[in-house]
Amino acid sequence: MLTSQIAIGCDHAGFALKQFLINVVRDRSLKIFDFGTFNEESVDYPDFCRAVTDAVLKSEVERGVLICGTGIGMSISANRFPHIRAALCYSEKMAKFARLHNDANIIVFGSRLVEKEIAKHCLITFLETEFEGGRHQRRIAKLS
Ligand code: RB5
């Protein structure tokens, strides 16, 4: 596993998937910082997004995970921050290329639209795949 410290956050719709993914990560001896939410009471996804993007931007963790119902709200929120590259992933291939080509530092899931097992494999791939660099580095530099 290349990544050793990650932050995770969700809204009420993402709570169950967050708990599931925390266990996946713990089984692999990774350190995970859980920024909530901690139950299924309705909350606003930008608040939980902010906690995770802050941890990534301050380099307190190497990568982040965000979950809401569709993944769209969390993606929109996270990508407002310079140097955040948040990728909404629905397949392992998307997770792999989000790292290889986009150097994504946050993976986003839509808990109402993705199977748990697929999310699990996406997350593992996201954490294990290195950025390819080269021409992709030039493209990423144009984002900021
Ligand atoms: C909450 O119902 C839902 O709107 C939220 O989880 C997310 O899907 C927003 O994009």
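The values are calculated or read from the model by the stated rules, or taken from the named source; none is laboratory data. Computed from a predicted structure; not experimentally measured. Don't worry about glycine lacking a Cβ; one is built from the backbone with ideal geometry, like all the others, and counts go over all protein chains shown. To get the accessible areas, we keep the full protein, side chains included, count just its heavy atoms, and leave off ligands, DNA and RNA. Shrake-Rupley method; radii C 1.70, N 1.55, O 1.52, S 1.80 Å.
Pairs linking a residue in the range 1-24 that is modelled with pLDDT under 95 to a residue that is within 16 Å of the ligand (Cβ to nearest atom), with Cβ atoms under 9 Å and 6 or more positions apart or on different chains, are 24/119.
Only a single criterion out of (1) open to solvent by less than 80 Å² (accessible area, probe 1.4 Å); (2) touching a helix residue (DSSP H, G or I) at 6+ places or on another chain (Cβ under 6 Å); (3) of a type outside the set (Val, Ile, Thr); (4) assigned to a loop (DSSP other than H, G, I, E, B) is not satisfied by residue 90, namely (2). The residue that is nearest to the chain's Cα centre (by Cα), among those in the range 119-144 that are closer than 20 Å to residue 11 by Cβ and of a type in the set (A, V, I, L, M), is 123. All of (1) crowded, with 21+ Cβ neighbours inside 10 Å; (2) of a type in the set (S, T, N, Q); (3) modelled with pLDDT under 95 hold for residue 29 with one exception: (1). Sort out which residues of the range 25-51 are assigned to a helix (DSSP H, G or I), touching a residue at least 24 places away in the same chain (Cβ under 8 Å) and not small (Gly, Ala, Ser), and write them in order of number. The answer is 25, 45, 46, 48, 49, 50. Looking at the structure I just gave you, is residue 51 at pLDDT 95 or above, surrounded by fewer than 21 Cβ atoms within 10 Å (Cβ to Cβ) and within 14 Å of the chain's Cα centre (by Cα)? Spelling it out, residue 51 is indeed at pLDDT 95 or above, surrounded by fewer than 21 Cβ atoms within 10 Å (Cβ to Cβ) and within 14 Å of the chain's Cα centre (by Cα). On inspection, residue 112 passes the criterion of being at negative phi and open to solvent by 30 Å² or more (accessible area, probe 1.4 Å). I'd like the residue in the range 52-74 that is among the aliphatic types (A, V, I, L, M) and not in a strand (DSSP E or B) and, out of all such residues, is nearest to the ligand (Cβ to nearest atom). Top of the filtered list is 72.
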